[in-house]
Each structure stands twice: as structure tokens, then as C-alpha cells.
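Below is one structure, written out as C-alpha cells; comments come after it.
The values are calculated or read from the model by the stated rules, or taken from the named source; none is laboratory data. Note that the structure is a prediction, hence the values are computed from the model and not measured. Glycine also receives a Cβ, built like all others from the backbone with ideal geometry; neighbour counts cover every protein chain displayed. Calculation scope for accessible area: heavy atoms of the full protein, side chains included, ligands and nucleic acids excluded. Shrake-Rupley method; radii C 1.70, N 1.55, O 1.52, S 1.80 Å.
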Amino acid sequence: VNPPFYGVSRPPAFSTITAETDHGKWRRGLTGRLELSYTTLPGNYVTPGTGELRVMQAEGREVLAQGAARLRGKPVLPGTGIKGAVRTLYEILTGSCGPTTSEGRRGVDCAPNQRCAACRLFGHLGQHRESSNQGRLGFDDATPADAGAVEVTMARVPEGHEPHGEHTPGDLRLYDLAAARTKDPTTKQTVPREPILAREVYTGRFLGSATFWTAMPVELGLLMLALGCSPEEDERFPLRLGGVRFHGQGTVQISVEGLLRATPDLKRQRLDAADARKEAQGWSREARSVLPPANLCALRSVAEILNRRSS
Ligand SMILES: [Zn+2]
């Protein structure tokens, strides 16, 4: 079997047990907040786009650069972008609607009584108000871990390019983690694309959180796997966020830093990083024990692709 090249075989749809389908399960549903850190990998940066231009001091002069996202003037990784990136991987892992439906449209093939695993946890935007739901998971914006945790610099990047799906074997595609290249018109050789655009980029460590409501331990386990935090080495990977992913950038390693849990009597309990990681590993193991082998295989393919580094 040839290893997939940016392509992942389509795993079967995996239906999680949820509170909706079994009333007694409500009591097992967990509500709380996972505190997460997002750290850029060495030699890599993250640059959540805004479409704004910003004047920066770089290369010993003022440079007009594409600005990265800010919140009250400080660097930020927007929660919406994190949720979208995690959802895509969760969809692949669980064979949910979205990338795994023939049209690639989220929610279209998802009947109200038989929502896919991703729509149940992340929410579903139906055509009618009554068929929509907000989901039971949200991501907050991630901000610098402390005053010196994130460095803001300027990087030169090549122009984006259209992905060529027809060159990619596999049913589902993940593009990235290679420096952008192009064919030289004279020599017909592929050469690195010229970095002609200036972009504001972030390196360092951000802190944020994911809030969940009445989520089953299996669902939280699947979430941990989609965050690249499997207990198994060959299933771990950095997530990819923001712009310039076509050029192999945007890798962030996620780590659990704490867990705030609401107990059934609505008291709050906080677990520190070590205990929160132990708890999360328990969820992950539960998820791995019920996932069909083909879904675990898809997870390993995702990990293999997202761990590639540009040379
Ligand atoms: Zn769905």
C-alpha cells in the first residue's frame, strides 16, 4: 500500500452516543472548560489573516505588510478559526458530513434525527431555524500566554496558489506542510516560489480554552484526538491555523493546561495541568476503544501528513 500523499482514505461514519438519543445518558454528560496552550513549532509561525494592511518596522525600514489578527491591540488566534480547523479533523476522524459528503457541503446530507457526530458536537446550520443547533462546543480566542510569550515579526511569503486535487490520491485531502513551489517556465524545473509579499507573523505561546456542554466522554475523547493530543505517539500532530498554510506555515502544538469542570450539583472544580491531562487521556482511550480500525487509520494518515516538514 502506498502511503497517502496529502490524501486520506474515507473512514466509515461513526455515530457517537449522545444525550439526545438516550435520556439516561444526560447524567454522564460533562460540562466544563478545557484550558489549552497553542505553541508555534520551531522555524514556523502563525498568521491569522485580517485583510488589513499595516505599516511595520522591518528590514531596517517601514514595510507595508498584511496584518495578522489582533484583539485590543494584542496578537490573537481567533476562536472561530480554531473551531473550524478542529472541526475539519473531527469530521475526517468520524466520517461526518462536510468533507466526507459527496458535495462537500456541511449539513446537507445530515437529517435532523440522524445528525453526524460533528454536527452534534460542533453545531449544525440548517436552512430552517428549527433544524439549526448551536452545538455543545465553543473555542475562545487565544491570547499571548504572558507579556513576552509572543513575538511579532514580518515574513516574506509567496503568493497563494490553487490546490490541484486531481494530483492527490485519496478521498479526502489535506494540503500543506511543504514550501510553495512553482514550475520555472524556461527550465521546466520546479523551483521555490518567490517570497514577494510581506506578512505580519506570530511566534510563541498562546493560551485559550474550549468550553463544552453536556458532552459525552467519548465525544471529548474524539475532540482530543482531533486536537492532535492522542495518547498514541503515531496519532499526534500539530494543528494548522491561519494564513500561509499553502506554504507550510501555521503549525501550532496544542497542550492541555487545566480543566474547569462543573459537577452535577453545579459546583466548580479545577484540575491542574497534570490531572487535566490524565482526565483527557481517559477520554481519548475511551474514544479509541470504540472507533473502528478504518477511522484510526484515517487519524494516522492525518498525523503523518500534518507532521511533514518543508525541506
Ligand atoms: Zn452533519
Counted residues, the range 42-77 - those being out of contact with any Lys or Arg (no Cβ under 8 Å at 6 or more places or on another chain) and open to solvent by less than 30 Å² (accessible area, probe 1.4 Å):
10
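Of the residues 257, 219, which single one is assigned to a helix (DSSP H, G or I) and of a type in the set (D, E, K, R)?
After ruling out the rest, the residue left standing is 219.
Residue-wise test of (1) among the hydrophobic types (A, V, I, L, M, F, W, C); (2) open to solvent by 60 Å² or more (accessible area, probe 1.4 Å).
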site: 258; (1), (2): no, no
site: 261; (1), (2): no, no
site: 271; (1), (2): yes, no
site: 276; (1), (2): yes, no
site: 280; (1), (2): yes, no
site: 283; (1), (2): yes, no
site: 287; (1), (2): yes, no
site: 290; (1), (2): yes, yes
site: 295; (1), (2): no, no
